[in-house]
1. All but one of (1) surrounded by 12 or more Cβ atoms within 10 Å (Cβ to Cβ); (2) closer than 30 Å to LYS3 by Cα; (3) not acidic (Asp, Glu) hold for PHE41, so report the exception by its number.
2. Test each condition in (1) hydroxyl-bearing (Ser, Thr, Tyr); (2) surrounded by 10 or more Cβ atoms within 10 Å (Cβ to Cβ); (3) modelled with pLDDT under 85 for TYR11 and report the one that comes out false.
Amino acid sequence: MKKQKIVFQFYRYNGKRIKAKREITFELRLSSRLLLDEICFNYNKALIEEQINRSIDEGNKDDFFKWSKAYKTFIWE
């Protein structure tokens, strides 16, 4: 995996340019990625549950089977 780097340039009035590099820590990247994955997972699960409940209320069996098949991927534990 490539390192993400931010490059800052400071200019002095008398002299050369100085480049400074700052790296994003691995722990911060990992925790932010896991948090975003969990948010997306919960949003998609709630959306599919809503579709299942709507198909039950409307009495549409085809939609119910379609959404329940998609919901199985969220409860495979």
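The values are calculated or read from the model by the stated rules, or taken from the named source; none is laboratory data. Small disclaimer: the values here were computed from a predicted structure and weren't measured. All Cβ positions, glycine included, derive from the backbone under ideal geometry; neighbour counts span all protein chains shown.
1. Of the numbered conditions (1) surrounded by 12 or more Cβ atoms within 10 Å (Cβ to Cβ); (2) closer than 30 Å to LYS3 by Cα; (3) not acidic (Asp, Glu), the odd one out for PHE41 is (1).
2. TYR11 satisfies every listed condition except (2).
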